[in-house]
Every structure is written in structure tokens, then in C-alpha cells.
Amino acid sequence: MKAKIALALSILALLAVPMGLELSQAQTQTTSTLTTEASRMDTLTTTQGEPKAVDKISSDFNSFLGTDAKAVVTGLRNGTPITLMRTTTPSTTPGTTATSTTTTTTI
């Protein structure tokens, strides 16, 4: 019984070694890709200016940040506070006037 357990553990250990190498290679590829992208963005900033870089990065996040995308990217790049604004207008009931509410959040 002990021999079977030892054999099973040995097999599992041998199987884990190649998996670890594959994970290490994937991590290296991801790190390399991120380094390449960061270098490309630094070059873009140098050659075409900060606004162009902010526009490029914020366009990637417009789908979920909306109009706040540029504020978030600028704040993160510069290490400055980020102010997010939301204006909501509730639906009107017949005979009433709609009131808009603006909420400002600084992070």
C-alpha cells in the first residue's frame, strides 16, 4: 500500500514539473508583451505627445468607463486624483419637472 502511494506521489511530482515550466513560459510571454506595450506607449508619448497617448489608452477603456476614461487614464499616468462625474435624470411623472442630479466622486 505504501509503495502504491509513493509511486502515485512520484508520478504526480513528475507531471507537475512540465506544467510548472509551461506556466513559467506563459508568464514570461505575458511579461514580455506588457514590456513591449509599455515601451510602445512611451515612444508614442515622446513622438506624438501626451494627449495622443491618453487618447489611445482611454479608447481601450471607453466601453466601461465612458466619458470618464480620459480622466482615469490621465490620473493614473500622472498620479493625480481622479474626479468622476455622473449626471442622472429620473423619468418624469406627467405634470412634474425632471430634476437632474450630478454626483462627483474623487478617487
task = Output the qualifying pairs, or none if there are none: Cβ atoms under 7 angstrom, residues six or more apart or on different chains, first residue in the range 48-63 and charged (D, E, K, R), second residue open to solvent by 80 Å² or more (accessible area, probe 1.4 Å).
result = none
task = Six or more apart or on different chains, Cβ under 6 Å: which pairs go from a residue in the range 77-89 that's closer than 17 Å to Asp55 by Cα to one that's surrounded by 10 or more Cβ atoms within 10 Å (Cβ to Cβ) and small (Gly, Ala, Ser)? Could you list them?
result = Ile82/Ala71; Ile82/Gly75
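The values are calculated or read from the model by the stated rules, or taken from the named source; none is laboratory data. Computed from a predicted model, the values in this text were never measured in an experiment. A quick note on method: Cβ atoms are made from the backbone with ideal geometry, for glycine too, and the neighbour counts reach across all protein chains shown. Accessible surface areas use protein heavy atoms only, side chains included; no ligands, DNA or RNA. Shrake-Rupley method; radii C 1.70, N 1.55, O 1.52, S 1.80 Å.
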